[in-house]
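Accompanying notes for the structure given below.
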Amino acid sequence: MNLKPFRLISALALAGCASTASVPSSETAATPKLVLFITVDALRPDYFTRFGRQLNGGLARLYNGGAVFTNGYQDHAITETAPGHSATMSGRFPIRTGISTNLLGVEDPNAPLIEAQGLGASPHRFRGTTLTDWLTAKDPRTRALSVSRKDRGAILPIGRSKQPVFWYASNGTFTTSTYYSGDLPAWVREFNERRLPASYAGRDWNLLLPAREYAEPDSVSIESQGVRFTFPHVFPRSADSASWMLPDFPWMDEATLALAMHGLHSLNLGAGPQTDVLAISLSATDAIGHRYGPDSRELHDQVLRLDRMLAVFLDSLFKVRNPADVVIALTADHGMTPFPGVRSSDPNTGARSVDPSATLREISSSLAARGVRGQGFRYVRGVYFGNGFQFDSGILELDRAALRAANISADSLVEQFRGAFLALPGITRADRIPELARRDTVTDHIARRWLHAFGDEEIAALVVTPSPFSAWAATYAMHGTPNDIDARVPIIFYGPAFKPGRYTQFARVVDMAPTLAEVVRVAPTEPLDGRVLSNVIR
């Protein structure tokens with residue numbers, strides 16, 4: 001059926017009533033017709049408690065009325081966007097999905113964007129299946145839609161499936177790649193023609209609440225690299241500039257949610273009788289957290305705005321779909337480490353910003369002097385390249401062919417790197433994969449998380465871990481380490497299939513897909529790393 005696009009209800013009209021909505025209950029719930037999986041990029045679980053009294057919208061609805069795991073983790077190393085999203089709906093760790101880092105994510109020059117400029121993207125590196133595949137194997141009528149600001153946030157939750165997948169391009173439109181289709185469907189073109197990003201031009205970002213409601217100072221000069229780090233934040237006046245800058249402002253989430261709702265109506269998702277999937281990845285919290293830090297007034301305001309935006313979305317959804325037919329899961333792809341040296345809500349006294357560039361440059365020069373051929377030392381897109389090696393996010397990768405040609409022992413070189421890294425203030429350990437495999441991975445969570453990302457030394461010759469709250473040097477707040485501050489995330493299930501409450505047991509994001517599979521009565525088509533969290537299912 002061809003439905004007229006549904007317009008979201010005014011956020012102001014719903015702000016007062018969203019928190020009063022109750023969770024539908026049923027002793028023998030029917031198979032859900034819609035799985036809504038929401039991933040909020042860099043949403044730390046402590047935001048719910050820090051800002052809880054001010055949350056009265058969608059986040060509050062899910063947190064207060066859902067099954068909430070208070071000890072939830074992305075239980076792998078390299079807590080970045082691509083690995084995190086690859087785990088959400090696959091039930092498998094990055095070592096299985098093949099997506100261990102952002103660098104080894106979705107970039108694909110053989111899958112160019114449609115009607116937009118930018119890097120091509122596809123799930124060509126992704127291995128295995130996801131919840132969407134299990135559902136379509138059971139019932140080919142199953143439909144899915146995945147939307148995000150980021151290509152990897154849209155692509156990886158549904159894996160290799162060629163269901164509709166869309167992400168934001170710098171020209172202010174939502175696009176996809178030729179992996180999925182030869183052109184944009186009419187409903188996406190219709191949405192893009194509304195020019196929603198351009199409509200934000202000239203709409204400055206001011207505080208949602210009175211300034212006295214924010215405990216955070218608005219004068220921390222390390223934020224935003226010391227430029228324009230206080231409210232109000234001026235938004236570009238021109239439409240083209242507004243489209244380009246939108247990802248750094250809260251309204252990026254509003255645009256993403258609007259596309260998701262437009263797609264739900266256009267594709268008639270959740271109308272049954274089969275179970276459909278709507279995956280939404282919201283990225284503004286990550287962009288704002290990077291730029292201003294997790295202890296900033298900006299991040300506080302962003303979470304409040306996200307709460308209200310989700311209220312609008314959920315109320316709009318439940319006006320056209322029976323809440324008894326919908327199950328919702330919410331998590332994050334990773335956490336966020338505070339700026340080292342800045343007072344935080346976390347116990348980060350003594351945290352260091354670790355800059356390995358001088359050490360790596362010295363080793364690169366010594367290798368060149370010993371006959372290792374390469375292009376010299378350079379730093380490109382967060383990766384250090386040297387003669388005979390590269391280093392990214394704590395992972396040392398060796399050019400073993402170049403080392404053999406220069407008659408240099410890889411084992412000896414690894415030990416040289418190990419000593420150099422451990423001499424850096426802020427580095428707590430440097431391990432080889434075989435050494436980690438001999439650890440007690442029940443108690444050694446750092447070893448366990450590295451092993452959930454890498455299985456041999458071909459890529460990870462040495463894995464280096466900063467001390468808790470320390471981070472690799474950058475001009476913005478970071479994530480990516482296997483430490484708890486980056487790995488801890490919210491895990492929430494909501495709907496009639498679940499028993500609301502607080503659950504303190506250890507839970508992983510990889511447990512979410514098998515738990516949802518149990519609820520929608522479908523069997524995974526391959527072995528999973530995750531397990532069913534059966535105690536929350538009615």
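Here, each number is a calculation from the coordinates, and none is a lab measurement. As the structure is a computational prediction, the values presented were derived from the model and not from experiment. Note that each Cβ is placed from the backbone with ideal geometry, even for glycine, and that neighbours are counted across all protein chains shown.
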For the pair THR443/ARG531, report the inter-label distance in nm, with labels modelled 7 Å from Cα in the Cβ direction. 2.0
Cut-off under 22 Å on the C-alpha distance; same-chain residues fewer than 8 positions from LYS150 excluded. Which lysines are left, in chain and number order? LYS162
Neighbour-count order for ARG308, ARG373, fewest beta carbons within 10 angstrom listed first: ARG373, ARG308
Rough spin-label spacing in nm, given labels placed 7 Å along Cα→Cβ, for TYR476 and ALA324: 4.6
Potential extension, ASP411-ASP218 segment - 0.36 nm per residue separation minus Cα distance: 64.5 nm
Spatially proximal aspartates and glutamates relative to LYS33 (Cα-Cα < 20 Å; intrachain offsets below 8 disregarded): ASP133, ASP139, ASP276, ASP315, ASP325, GLU518
Quick one: putting +1 on the C-beta of Lys and Arg, -1 on the C-beta of Asp and Glu, what dipole do you get for region 73-225 around its Cα centre, in Debye to the nearest 20? 660
Could you give the length gained on full extension between GLU458 and GLN225, defined as 0.36 nm per residue of separation minus the Cα-Cα distance, in nm? 80.2 nm
Neighbourhood net charge (11 Å Cβ-Cβ; Lys/Arg +1, Asp/Glu -1) for SER345: -1
Along the positive direction of the dipole of region 402-538 (beta-carbon charges: Lys, Arg +1; Asp, Glu -1; about the Cα centre), which of VAL520, VAL509, ILE446 reaches farthest? VAL520
Value at 222 nm in deg cm²/dmol, rounded to 500, when DSSP H runs of n ≥ 4 in the chain each add -39,500 (n - 2.57): -8500 deg cm²/dmol
How high is the relative contact order of the chain, in percent, with contacts defined as C-alpha pairs under 8 Å that are six or more residues apart? 27
Taking the Cα centre of the chain as origin, work out the dipole magnitude from +1 charges on Lys and Arg Cβ and -1 charges on Asp and Glu Cβ, in debye rounded to 20. 680
Extreme residue, positive dipole direction of the chain, given options GLY153, PHE493, PHE51 (C-beta unit charges): PHE493
Residues whose modelled amide H sits under 5 Å from the amide H of GLY270, counting only those 5 or more places away in sequence or on another chain, are ASP276
Evaluate the distance, in nm, between pseudo-label points positioned 7 Å from the Cα of GLU435 and of THR49 along their respective Cα→Cβ axes. 3.4
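For the peptides 174-185, 219-230, 286-297, what is the packing order when you average, over each peptide's residues, the other Cβ atoms within 10 Å and list the highest mean first?
286-297, 174-185, 219-230
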Can you give the charge dipole size of region 345-453 about its Cα centre, rounded to the nearest 20 debye, using +1 on the beta carbon of Lys and Arg and -1 on the beta carbon of Asp and Glu? 240
Please give the length that would be gained between ASP139 and GLU193 if that part of the chain were fully extended, namely 0.36 nm times their separation in residues minus their C-alpha to C-alpha distance (nm, one decimal). 16.0 nm
